[in-house]
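Single-structure report; data block below.
The values are calculated or read from the model by the stated rules, or taken from the named source; none is laboratory data. Owing to the predicted nature of the structure, the values given are computational and were not obtained by experimental measurement. Cβ sites come from the backbone with ideal geometry, for glycine too, and all protein chains shown count toward neighbours. Calculation scope for accessible area: heavy atoms of the full protein, side chains included, ligands and nucleic acids excluded. Shrake-Rupley method; radii C 1.70, N 1.55, O 1.52, S 1.80 Å.
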Amino acid sequence: MDVLQLKDKNIVVMGVANERSIAWGVAKSLLEVGANVIFTYRKERSKGKIEKVLANYTDYNTDVVECDVNSDESIAKAFTEIGEKYGVIHGLVHSVAFANAEDLHNRFVETTRDGYAFAQDTSAYSLVAVAKAARPYMTEGGSIVTMTYLGAERVLDGYNVMGVAKAALEASTRYLAYDLGAEGIRVNAISAGAIRTLAAKGVPSFNTILHQIEEKSPLKRNVTSEEVANMTMVMLSNLSSGVTGEVIYVDSGYNIMG
C-alpha cells in the first residue's frame, strides 16, 4: 500500500549540490516511490553535478531546469517551463541557502551590508519568490517544504548571518502558510540536525556541533540524511494534510535540551 501517495506526483526539488545534499536524499526517496522529480540548478556547473548523481537513475522520471533564485526573470522562466510541461505542480522542496564565506568566518558584528542582503535574498526571500512562481500551477493544492536549522532561534558559533537568514525563512514559512492555506497549499519547514553536506563545511564550528549532538541529544546520535528525507516525504504527502506553518525538528531531539 502506497501510504504516501506520491507516485506520479510532480515534485520540484531545488538545491541539489552533490550526492551528500539533503535535497538529494529527498529526491532519491521521491524517485524510489515513483514521483516525477524536476531538479533546478543555478549554473552549468551545478547542472553537471545533478546529472552526475542521476547517472544511476536513468530509468526514473526526472527533469533538470535552470533556475537562478537571485533572479525574478529566471524563476519565472523556470516555473513557466515546468508548469507548461507538467500541468500541475504537486510539491516543492526548497533546500537553497548561501552566505559569503567571510560573513561566516568573521564576527557577526562585522557582517557587511551586501553580505547580509545576499544571504537574505538567497536563503529566505527565494522561498517567497518560488512559492509565488509555483502557485499558479499548484491547482490541486499541494505542499511546499523548506529546510532550516536550529541557528534560526539559537546562537551557534560561526553560523552568524545564516542564522539570521534562517530566522527570516521560518517567519516567511508561517506567513506563506497563512497566505496560501485557502488554496490548499501547505508550507512547512524542516529543521534538520547537523549533517555532513557541502554547505555544512562552511560553518567553522561544524565538527564541534556534531559532537555536542552526540553527547547531549536524547537519542545520543546525529541524524542521517535518510531520516530527514523520510520526514520530508511525510510533509509532502497527504499524511500531513492537517499540518502547515510548522517547523518540524529532525535532530535527535537536540532542540529540546537546555
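Using a 1.4 Å probe, what is the accessible area per residue for the chain, in Å²? Working shown, then result.
Values: 12580 Å² over 258 residues.
Dividing the accessible area of the chain by its residue count gives 49 Å².
Using Cα-Cα distances under 8 Å and only pairs 6 or more residues apart, what relative contact order does region 1-112 have, in percent? Show your work: numbers first, answer last.
Details: 149 pairs, mean separation 34.1, N = 112.
RCO, region 1-112: 30 percent.
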- Given labels modelled 7 Å from the Cα in the Cβ direction, how far is it in nm from K47 to E102? 3.2 nm
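Given only helices, namely DSSP H runs of n ≥ 4 each adding -39500 (n - 2.57), what is the per-residue ellipticity at 222 nm of the chain, to the nearest 500 deg cm²/dmol? Could the numbers behind the result be given before it?
On the way: 9 runs with 102 residues, N = 258.
Roughly -12000 deg cm²/dmol at 222 nm, from the helical runs in the chain.
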- Task: Write down the radius of gyration of region 120-258 and its Dmax, each obtained from C-alpha positions, in Å.
- Result: 15.4, 46
- Query: Between N238 and R154, what is the FRET efficiency for a Förster distance of 25 Å, r being their Cβ-Cβ separation, to the nearest 0.05?
  - Reply: 0.15
- Query: Which whole-number percent gives the relative contact order of the chain, counting Cα pairs below 8 Å spaced six or more residues apart?
  - Reply: 20 percent
- Note on the structure: Under the Karplus relation with 6.51, -1.76 and 1.60 and θ = phi - 60°, whole-Hz ³J(HN,Hα) for region 158-167, x at Gly and Pro, equal x, 7, 6, 4, 5, x, 5, 5, 5, 5
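Could you work out the equivalent-ellipsoid semi-axes for region 1-76, taking the square root of 5 times each eigenvalue of the Cα gyration tensor, largest first, in whole Å?
22, 14, 10
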- Enumerate the amide H contacts of A194 below 5 Å, restricted to partners 5 or more residues apart or on another chain; note that Pro and chain-start residues carry no placed amide H. V223
- Query: Counting only protein heavy atoms, what percent of the accessible surface of region 1-138 is carbon or sulfur at a 1.4 Å probe?
  - Reply: 47 percent
- Task: Just need the relative contact order of region 130-258 here, percent rounded to a whole number, with Cα pairs under 8 Å and 6+ apart.
- Result: 31 percent
- Query: Where nothing but the Cβ of Lys and Arg (+1) and of Asp and Glu (-1) is charged, how large is the charge dipole of region 44-104 around its Cα centre, in debye to the nearest 20?
  - Reply: 240 debye
- Roughly how many nanometres apart are two label points built 7 Å out from the Cα toward the Cβ at N70 and E183? 2.7 nm
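Considering only protein heavy atoms and a 1.4 Å probe, what is the carbon-and-sulfur percentage of the accessible area of region 140-183? Write down the numbers at each step before the final one.
Values: 990 of 1860 Å².
Looking at region 140-183 in its full context, I get 53 percent from C and S.
So how many Å³ per residue does the convex hull of the Cα atoms of region 3-126 work out to? Before the final figure, lay out the partial values.
Details: hull volume 15.0 nm³, N = 124.
It is 121 Å³ per residue.
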- D114 versus V33, label points 7 Å from Cα toward the beta carbon: distance in nm? 4.3 nm
- Note on the structure: Highest mean packing first, using Cβ neighbours within 10 angstrom, the peptides 117-126, 217-226 sort as 117-126, 217-226
- Message: Between region 74-104 and region 24-62, what is the separation of their alpha carbon centroids in Å?
- Response: 14 Å
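Just the C-alpha atoms of region 98-149: what Rg/Rh do they give, with Rh taken as the Kirkwood radius?
On the way: Rg = 14.9 Å, Rh = 12.9 Å.
A ratio of 1.15.
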- Query: Under a no-solvent Debye model with one identical scatterer per Cα of the chain, what's log10 I(q)/I(0) at q = 0.17 Å⁻¹?
  - Reply: -1.40
